[in-house]
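Visitor: Pasting in a structure now, in structure tokens, and then I'll have a few things to ask.
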Amino acid sequence: MIALKLGVTSDDVKNVIIWGNHSSTQYPDVNHAKVKLQGKEVGVYEALKDDSWLKGEFITTVQQRGAAVIKARKLSSAMSAAKAICDHVRDIWFGTPEGEFVSMGVISDGNSYGVPDDLLYSFPVTIKDKTWKVVEGLPINDFSREKMDLTAKELAEEKETAFEFLSSA
């Protein structure tokens, strides 16, 4: 979406973060994202100059993408999941380029972002020698904090529901 809006290829956009759950609470964060415009790398916020779109339609569209794929195809969004798996395998196998990260659902233990431990939560990660590492210490503004907390709360509730189900089975 960002590439289309700026008239560049998706390869020219990097370090967009998806925080949290794979659901309608996931938070696509461009605060640390970069885009290559006319040979120069700039921040996505600086390039777009459209705070309203980035905090509104962009987030909502990303959050509802799975449902939109199902509605449009009248079929499962399994191909999107398959593509994501292929991308993850590629990233694990080849690693992430220096200065770049990808988003991946990993165990939240010991993170620096205040996400409770023991959740499978999507974080920005770097990968080297087939080992992932959460990118630590990125500044988080109040808007992002609220979105990140909401998706963590949902994951914690889903975890609790799963444990209740398992203990009664």
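The values are calculated or read from the model by the stated rules, or taken from the named source; none is laboratory data. Remember, it's a predicted structure, so these values are computed and weren't measured experimentally. Because the Cβ atoms are built from the backbone with ideal geometry, glycine has one as well, and the counts that use them run over all protein chains shown. Ligands, DNA and RNA are excluded from the accessible area calculation, which covers all protein heavy atoms including side chains. Shrake-Rupley method; radii C 1.70, N 1.55, O 1.52, S 1.80 Å.
Visitor: Tally up the residues in segment 110-138 that are open to solvent by 30 Å² or more (accessible area, probe 1.4 Å), free of Cβ contacts under 8 Å to residues at least 40 places away in the same chain and in contact with an Asp or Glu (Cβ under 9 Å, 6 or more places away or on another chain), please. Break it down stepwise before answering.
Guide: In the first step, residues of segment 110-138 are kept if they are open to solvent by 30 Å² or more (accessible area, probe 1.4 Å); the result is 110, 112, 114, 116-118, 120, 126, 128-133, 136-138.
In the following step, the residues that additionally are free of Cβ contacts under 8 Å to residues at least 40 places away in the same chain were identified as 110, 112, 114, 117, 120, 126, 128-131, 133, 136-137.
Narrowing further to those that are in contact with an Asp or Glu (Cβ under 9 Å, 6 or more places away or on another chain): 110, 112, 114, 117, 126.
The total comes to 5.
Visitor: Can you name the residue in segment 24-43 that is of a type in the set (S, T, N, Q) and either within 11 Å of the chain's Cα centre (by Cα) or closer than 21 Å to T60 by Cα (or both) and is also surrounded by the most Cβ atoms within 10 Å (Cβ to Cβ) among such residues? Before you say what the answer is, go through the steps one by one.
Guide: Quick first cut of segment 24-43, residues of a type in the set (S, T, N, Q) only: 24-26, 31, 38.
Now drop any that are not either within 11 Å of the chain's Cα centre (by Cα) or closer than 21 Å to T60 by Cα (or both), which leaves 24-26, 31.
Numbers: S24: 14, T25: 18, Q26: 22, N31: 17.
Within segment 24-43, the match that is surrounded by the most Cβ atoms within 10 Å (Cβ to Cβ) is Q26.
Visitor: What pairs come up if the first residue lies in segment 1-24 and is free of Cβ contacts under 8 Å to residues at least 60 places away in the same chain, the second is assigned to a loop (DSSP other than H, G, I, E, B) and open to solvent by 60 Å² or more (accessible area, probe 1.4 Å), and their beta carbons are under 9 Å apart, counting only those six or more places apart or on different chains?
Guide: Filtered contacts from segment 1-24: A3/T9; S24/Q64.
Visitor: Determine whether L155 is open to solvent by less than 30 Å² (accessible area, probe 1.4 Å), in a helix (DSSP H, G or I), farther than 26 Å from V42 by Cβ and among the hydrophobic types (A, V, I, L, M, F, W, C). Reasoning before the result, please.
Guide: Numbers: open to solvent by less than 30 Å² (accessible area, probe 1.4 Å): yes; in a helix (DSSP H, G or I): yes; farther than 26 Å from V42 by Cβ: yes; among the hydrophobic types (A, V, I, L, M, F, W, C): yes.
Taking the combined requirement at face value, the residue satisfies it.
Visitor: Name the residues in segment 158-169 that are β-branched (V, I, T) and open to solvent by 90 Å² or more (accessible area, probe 1.4 Å), would you? Break it down stepwise before answering.
Guide: Initial filter on segment 158-169 (β-branched (V, I, T)): 161.
Correct list: empty.
Visitor: Right, another one. Could you check how many residues of segment 74-109 are in contact with an Asp or Glu (Cβ under 7 Å, 6 or more places away or on another chain), open to solvent by 30 Å² or more (accessible area, probe 1.4 Å) and assigned to a loop (DSSP other than H, G, I, E, B)?
Guide: Adding up the residues that qualify gives 1.
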